[in-house]
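Bear in mind that the values in this text are calculations on the coordinates, not laboratory data. Every value quoted in this text rests on a predicted model; they were computed, and no experiment measured them. Note that we place each Cβ from the backbone using ideal geometry, even for glycine, and neighbour counts take in every protein chain shown.
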Amino acid sequence: RSVDLGNHSISERLPPGDTHGRLIAALLTIVKQHEAGRGVDQRAAYYLGVSPWERVAPTMMVCWDEEGEAARRIAHTVAWRRARALRETAYVEWRTLRDEGFDIDFERYLWATLVVQTRAVSYTK
């Protein structure tokens, strides 16, 4: 299945075994189409409803500001280092897609990454 986030197909750029990347791309595509009013997608409505960015960001360390109070308190922990590594990986992936011409902002890409990581995501309707 081809996944489109602009003028390009992500599927032709992802390695054949990159299931994680394909799930993120599929989620971003259905959410983009849903929000653009190109049909109601129950999967997109569900993920946007149960995991809105406004509720996800404060609870996930990967979203926290490095200069914030909470970050300063846990900066010495393994969990914080792992969260920063996950954020860096997501940022590199996002930059690669953006440089290829995909129209998605980092916050939305990070949201999709976290949804795929923390929720059961199905490719099919």
Q: Calculate the translational D of the chain in whole µm² s⁻¹ from Stokes-Einstein, where the hydrodynamic radius comes from the Kirkwood formula applied to all Cα pairs, the temperature is 25 °C and the viscosity 0.890 mPa s.
A: 159 µm²/s
Q: Grab the DSSP H runs of the chain that are 4 residues or longer, score each as -39,500 (n - 2.57), total them, divide by all residues and round the 222 nm result to the nearest 500 deg cm²/dmol.
A: -18500 deg cm²/dmol
Q.
How far apart, in nanometres, would the label points at GLU100 and ARG13 be if each is projected 7 angstrom from Cα along the Cα-to-Cβ direction?
A. 0.4 nm
Q. Shape of region 56-100 from its Cα gyration tensor (a ≥ b ≥ c, root eigenvalues): rounded if a/c is under 1.5, otherwise prolate when a/b > b/c, or oblate?
A. prolate
Q: Any chance you could run the full-extension gain for MET61 through ARG73? It's 0.36 nm times the residue separation minus the Cα-Cα distance, nm to one decimal.
A: 3.1 nm
Q) How far is it, in nm, from the label point at ALA36 to the one at GLU54 when both lie 7 Å from their Cα along the line to the Cβ? A) 2.5 nm
